[in-house]
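For reference, the structure discussed in these notes is given below.
The values are calculated or read from the model by the stated rules, or taken from the named source; none is laboratory data. Remember, predicted model here, so these are calculated numbers, not experimental data. Here Cβ is always computed from backbone atoms with ideal geometry, including for glycine, and neighbour counts include all displayed protein chains. Accessible surface is based on the protein model in full, side chains and every heavy atom, while ligands, DNA and RNA are left aside. Shrake-Rupley method; radii C 1.70, N 1.55, O 1.52, S 1.80 Å.
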Amino acid sequence: MSAASHGRRPRVNRKVPAALLVLGLLAGCTSGGGPAEPAGGAGRTVALKFYDAQGHGTLLSPREARAVTHGSGGSDSDALVDPRTLRVLDDFPLYEDGRRLRFDLPGGGPAALALNWPTDQGFSTVVVDNGGAGFTRGATVVFNHAAADDAKRRLDAALDLRPDYRRSARFTAAYRTAARELARADAADSDAGRGRHGQRALSAVDAAYGQLLEEYGPRARRTDAPWTGVTAADDADPKRWAPLAGRLARPHGWVRIVFDPDDTDDTDDPRAPVPRRYREAVAAAHAAGLKVLGQPVDSAYANGSEHPGLGTRAGYLARIKRYVDAFPDIEAWEIGNEVNGCWTDSRTTADGDCTDRLLPPRDRMKHKVADAAAYVREKRPEASVVLTLYWQLGTDAARWSAFTWPRANLPRAVREDIDVVLLSSWIEDAPLGLAFDQVMTRLAADFPGRRVGLGELGYWNEDTSRFYWAFDKDDPAAARRQVARRYYAAALGYPSSVGGTFWWYFAQEMPGDAGLRAAVRDVS
């Protein structure tokens, strides 16, 4: 997401958690077989006992638990979701009542809890879904134990779906640790024991699951022409990045070229020729054997705060037309970038914060996407039409979440004009981790007949939030390499995979980092 790369990452006005409520005592059972808290509260409240993320078995106060979920500065990330579709049912449901964080179950069906939580692999979106069925009645739950149990169940299901996966020694060691620690949690005679061994099991499941996805993806290669992508943005020199990208990503290399309206030689005039340097960039990419994904409007500009013309439906389409008409040889077009980000449909402050003031209904992203997709389909029927969603679940209001916004804003007629759906992931803002397989499987199910993959990806750059760490808390450069290795590989492991994974800071970071280059080369 270029808002991050330009240092203009739109920050979100997050909903303030509900005021403290005084409720009756709970009905239900304690996760792991411990003593239940007394009944009450109409059986519709779930209380959570959080234990430390290091697996010591130390019970955390509500304030301490929230501090863990906030990482190094993030806000609340909790959401109640449909356990099957991951559609957000309630945003920021946790509240403090006495010694516990609790949530009230919504009416109308089961609910799962999703929030950001760390293991020794870093932060993940962790989904606690009560064995897959969701919560339907009140209970007291040891979070760490329940999270590990649900994650292990999903890992076993993932193995069943991949009978051809050859288990490596590293996977096997982590899997055995997960099974052993989960058995100890099940057998523990105290909640502290369940919390201690549950957290250790969760870390081991995270390690095993990630190893499975990383090892399986490149071997699966479910498509004859997977996309291995990088991004060229800002002032990157095509004479330098194109040959490198061509060498790393062949034979199915792609470059995503961001056509930046901030260029001094660019203009909002749809009749003006495109800047010469973009013609040079496209030519250099093709000469290096790369295919091109063109991006005329990055999400940072879609609301028109910096370029007013792009905020309107007509102005957005005019820019799409300008670039599509200028480049008949570009192989794919990103007709909407991070379309569910609140900053695309909201007025933003000078600091980039989303406000409650939305754009006029006629100028919302859903109309811009529909117009752009239809135009590319008609004008360039041979080109792929690409839509990018922004990964977020619980880090903003429900309406903007990755599985809620598309259902509300992309009718069937629009979906029929889209060929590829990508998920933009900045995991220091909104982690994936343990949820990766669950999320990608759900994305494919929500867009049947479409190819799915990762859009832009990056980690821990000076312009990003750095709220949530991954893999190595103390060495961001080493963690960045692991992020690239894991996600480039894992994105290939699904029946409808396209791959993608267009590393944002490719031109700035990969030339001097052999580990990052290897992440691209190893999957291609």
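Selection over the range 134-178 of residues that are closer than 25 Å to Ser190 by Cα, surrounded by fewer than 17 Cβ atoms within 10 Å (Cβ to Cβ), more than 22 Å from the chain's Cα centre (by Cα) and not hydroxyl-bearing (Ser, Thr, Tyr) gives a count of 2. Right, Asp371: touching a Leu at 6+ places or on another chain (Cβ under 8 Å) and acidic (Asp, Glu) or not? It is true that Asp371 is touching a Leu at 6+ places or on another chain (Cβ under 8 Å) and acidic (Asp, Glu). Applying a threshold of 7 Å to beta carbon distances and a minimum spacing of six or more residues, or different chains, the list of pairs starting in the range 324-350 at a residue that is open to solvent by 10 Å² or more (accessible area, probe 1.4 Å) and ending at one that is of a type in the set (Val, Ile, Thr) and in a loop (DSSP other than H, G, I, E, B) reads Ala326/Val274. The single condition from (1) crowded, with 22+ Cβ neighbours inside 10 Å; (2) over 17 Å from the mean Cα position of the chain (by Cα) that Val81 fails is (2). Test each condition in (1) out of contact with any Phe, Trp or Tyr (no Cβ under 8 Å at 6 or more places or on another chain); (2) farther than 17 Å from Asp234 by Cα; (3) surrounded by fewer than 21 Cβ atoms within 10 Å (Cβ to Cβ); (4) not aliphatic (A, V, I, L, M) for Lys321 and report the one that comes out false. All conditions pass for Lys321, except number (1). Pairing residues of the range 138-157 that are assigned to a helix (DSSP H, G or I) with residues that are hydroxyl-bearing (Ser, Thr, Tyr) and modelled with pLDDT under 95, at Cβ distances under 9 Å and at least 6 apart in sequence or on separate chains, gives Phe143/Ser31; His145/Ser31; Ala146/Ser31; Asp149/Ser31.
Applying the condition of being over 18 Å from Val386 (Cβ atoms) and among the small types (Gly, Ala, Ser) to the range 408-430 and asking which residue is surrounded by the fewest Cβ atoms within 10 Å (Cβ to Cβ) yields Ala408.
Applying a threshold of 6 Å to beta carbon distances and a minimum spacing of six or more residues, or different chains, the list of pairs starting in the range 59-80 at a residue that is under 16 Å from Phe103 (Cα atoms) and touching a residue at least 40 places away in the same chain (Cβ under 8 Å) and ending at one that is assigned to a strand (DSSP E or B) and polar (S, T, N, Q) reads Thr69/Asn116; Ser77/Asn116. As a summary of the residue check, Val255 satisfies the conditions (1) part of a strand (DSSP E or B); (2) open to solvent by 10 Å² or more (accessible area, probe 1.4 Å); (3) of a type in the set (Val, Ile, Thr) except for the one numbered (2). Do the conditions hold for Arg250, that is, is it open to solvent by 40 Å² or more (accessible area, probe 1.4 Å) and among the basic types (Lys, Arg)? Yes: the conditions hold for Arg250.
Each residue in the range 447-478 was checked for being in contact (Cβ under 8 Å) with a residue 60 or more places away in the chain and either crowded, with 20+ Cβ neighbours inside 10 Å or among the basic types (Lys, Arg) (or both), and 13 pass. For the range 365-389, a residue qualifies if it is surrounded by 20 or more Cβ atoms within 10 Å (Cβ to Cβ) and either without any contact (Cβ under 8 Å) to a residue 24 or more places away in the chain or polar (S, T, N, Q) (or both), and exactly one does: Thr388.
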